[in-house]
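Each value in this text was obtained by applying a stated rule to the coordinates, not by laboratory testing. What you are looking at is a predicted structure, and each value in this text was computed from that prediction instead of being measured. So basically every Cβ, Gly included, is an ideal-geometry build from the backbone, and we count neighbours across all protein chains shown.
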Amino acid sequence: MKEVPVPLPIYMAKEGKWFVASCPVLDIATQGLTEEEVKENMQDLIHDFLNDPDTQKPDIDTIMSVSLTNVPVKISEGVLYRKTTSSSAK
């Protein structure tokens, strides 16, 4: 059977010494010690997930309709840069 490349949105972040990645449309996640390792782990996980006959999968229309976007949100500098203000109640 011919394989067709399908772009899937993957969220990646560094958490401590680990890189973590999730694929929201498939509801799967993995980790690795390097960015390259987590990408390879995600590719393997997606392949295993899609080829597992016992796993329910979303239809192709659902997969192709997913998109990622940035939503501007105003956040105070104290939260953004972890600055705290001290106030004492007397």
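Brief remarks follow.
- Just one of the numbered conditions (1) within 13 Å of the chain's Cα centre (by Cα); (2) assigned to a helix (DSSP H, G or I) is not true of Pro9: (2).
- Top-ranked residue of the range 53-85 - restricted to ones that are closer than 11 Å to Leu26 by Cβ and either in contact (Cβ under 8 Å) with a residue 24 or more places away in the chain or not polar (S, T, N, Q) (or both), ranked as surrounded by the most Cβ atoms within 10 Å (Cβ to Cβ): Ile63
- Selected residue (criterion: farthest from Asp61 (Cα to Cα)) from residues of the range 21-41 that are of a type in the set (A, V, I, L, M, F, W, C) and in contact with a Lys or Arg (Cβ under 8 Å, 6 or more places away or on another chain): Leu33
- Count - residues of the range 1-37 that are under 17 Å from Ser65 (Cβ atoms), among the β-branched types (Val, Ile, Thr) and surrounded by 12 or more Cβ atoms within 10 Å (Cβ to Cβ): 2
- Between Thr62, Thr30, Thr34, Thr69, the distinction of being more than 20 Å from Pro7 (Cβ to Cβ) and of a type in the set (S, T, N, Q) belongs to Thr34 only.
- Thr30 in contact with a helix residue (DSSP H, G or I) (Cβ under 9 Å, 6 or more places away or on another chain) and β-branched (Val, Ile, Thr): yes
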